[in-house]
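> One structure, pasted below without further comment.
The values are calculated or read from the model by the stated rules, or taken from the named source; none is laboratory data. Note that the coordinates shown come from a computational prediction; the quantities given were computed from them, not determined experimentally. Neighbour counts run over all protein chains shown; Cβ positions are idealised from the backbone, glycine included.
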Amino acid sequence: MIYGAELAYVHHAGFNEYARRSAPEIARVLAACPPFSGTGRRSFPVIEFGCGGGTTAEYLSRRGFDVVGIDLSAAMVALARRNAPLARFAVGSLASTPLPRCGAIVALGEVVNYLGDRRTAAHDRELFRFFTRAARALEPGGLLLFDFMESARHRTFNASTRRGNDWAIVASARADGAILTRDITTIRQVNGRLRLSQETHRVRLYPRRVIVAALRRAGFRVAIRRSIGRVPVIRGDAVVVARRPS
């Protein structure tokens, strides 16, 4: 399990800056996509994988987009439903969630890198199959927008602690070849009692040439960037703007 109740709460409360800053930039990018021009923003849904606590979905839905948020974490989906009442949400994954006809698919926060308990070969097959399914689901001119981790340089660290008003988190990260492993301990105060949880997240690193080649095989036109509009991504990550040809 990733992002159980305690870590989901802490992530949304204390690690939400990237989503908050990037949401207006995403809205600008989507507004320029052919599926959302002319006939209005609600013509086709925006599918958001890794919706987290609903920050991006809340921003987009209040600006007229029909947002469907998907997340592996039931706790995250519960938060998102409270924070973004105009959007729709479900628990699901890139690999197994059916894709309706849509105008855009968004997956920020290194969603495509998360291995879970799968082996790397199985994860690769599922991810590349997702690219093909995404290309088929998108309207002509539609957009697949995501970020991914391509390097663990500067991303490993020994135990580091951050605190909020009612929580603390201790995390470390180590790299072994193409896998980055994060060990996370969360302490949260609820109704005067402390709750503790521990999670291990495994992240699959991808060279950009592998991602670009897989997207082109799926039929996308691909651009790699270091920012979402004016918001730079974290060091070691890259942004993919993949368009289905009109």
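> Please state which of the following conditions residue 29 fails to meet, knowing it meets all the rest: (1) assigned to a loop (DSSP other than H, G, I, E, B); (2) out of contact with any helix residue (DSSP H, G or I) (no Cβ under 9 Å at 6 or more places or on another chain); (3) not hydroxyl-bearing (Ser, Thr, Tyr).
(1)
This table checks each residue for (1) of a type in the set (S, T, N, Q); (2) over 19 Å from residue 135 (Cα atoms).
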{"residue": "34", "(1), (2)": "no, no"}
{"residue": "41", "(1), (2)": "no, yes"}
{"residue": "47", "(1), (2)": "no, no"}
{"residue": "70", "(1), (2)": "no, no"}
{"residue": "79", "(1), (2)": "no, yes"}
{"residue": "96", "(1), (2)": "yes, no"}
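> Out of 170, 239, I need the residue that is under 26 Å from residue 11 (Cα atoms), touching a Phe, Trp or Tyr at 6+ places or on another chain (Cβ under 9 Å) and not small (Gly, Ala, Ser). Which one? Step through it out loud before you land on a result.
Numbers: 170 fails: touching a Phe, Trp or Tyr at 6+ places or on another chain (Cβ under 9 Å).
Of the residues listed, the single one that is under 26 Å from residue 11 (Cα atoms), touching a Phe, Trp or Tyr at 6+ places or on another chain (Cβ under 9 Å) and not small (Gly, Ala, Ser) is 239.
> Same structure, new question: Among what's in the range 135-165 and is charged (D, E, K, R) and touching a residue at least 60 places away in the same chain (Cβ under 8 Å), pick the residue that is farthest from residue 29 (Cα to Cα). Before you say what the answer is, go through the steps one by one.
Within the range 135-165, the subset charged (D, E, K, R) is 136, 139, 147, 150, 153, 155, 162-163.
If we keep only those that are touching a residue at least 60 places away in the same chain (Cβ under 8 Å) too, we end up with 139, 147, 150, 153, 155, 162.
Working: 139: 16, 147: 14, 150: 23, 153: 29, 155: 28, 162: 33 Å.
So the residue we want is 162.
> Output the qualifying pairs, or none if there are none: Cβ atoms under 6 angstrom, residues six or more apart or on different chains, first residue in the range 44-60 and over 18 Å from residue 100 (Cα atoms) and charged (D, E, K, R), second residue modelled with pLDDT of 95 or more and part of a helix (DSSP H, G or I).
Listed pairs, sorted by first residue: 58/83.
> Additional query: If you take the residues of the range 3-25 that are among the aliphatic types (A, V, I, L, M) and closer than 19 Å to residue 147 by Cα, which of them is surrounded by the fewest Cβ atoms within 10 Å (Cβ to Cβ)? I'd like the intermediate steps shown before the answer.
Restricting attention to the range 3-25, the residues satisfying the condition of being among the aliphatic types (A, V, I, L, M) are 5, 7-8, 10, 13, 19, 23.
Those still in the list that are closer than 19 Å to residue 147 by Cα too: 19, 23.
Working: 19: 23, 23: 20.
Among those that are among the aliphatic types (A, V, I, L, M) and closer than 19 Å to residue 147 by Cα, it is 23.
> For residue 3, which of the numbered conditions (1) within 20 Å of residue 200 (Cα to Cα); (2) modelled with pLDDT under 95 fails to hold?
Failing condition for residue 3: (2).
> Being closer than 30 Å to residue 190 by Cα and at pLDDT below 95 is the filter here; which residues of the range 111-156 pass it?
If we filter the range 111-156 for residues that are closer than 30 Å to residue 190 by Cα, which is where we start, we get 111, 114, 116-117.
Within the range 111-156, 116, 117 qualify.
> Evaluate the range 4-14: report whether one residue or more is in contact with a Cys (Cβ under 6 Å, 6 or more places away or on another chain), part of a helix (DSSP H, G or I) and not β-branched (Val, Ile, Thr). Explain how you work it out, then say what you get.
First pass over the range 4-14, keeping only residues in contact with a Cys (Cβ under 6 Å, 6 or more places away or on another chain): none.
There is no residue in the range 4-14 that is in contact with a Cys (Cβ under 6 Å, 6 or more places away or on another chain), part of a helix (DSSP H, G or I) and not β-branched (Val, Ile, Thr).
> Considering the range 137-154 alone, what residues qualify as being more than 20 Å from residue 211 (Cα to Cα) and assigned to a loop (DSSP other than H, G, I, E, B)?
Hit for the range 137-154 is 154, nothing else.
> So which residues in the range 51-88 are in a strand (DSSP E or B) and closer than 17 Å to residue 4 by Cα?
Taking the range 51-88 first, the residues in a strand (DSSP E or B) are 67-71, 88.
Scanning the range 51-88 gives 70, 71.
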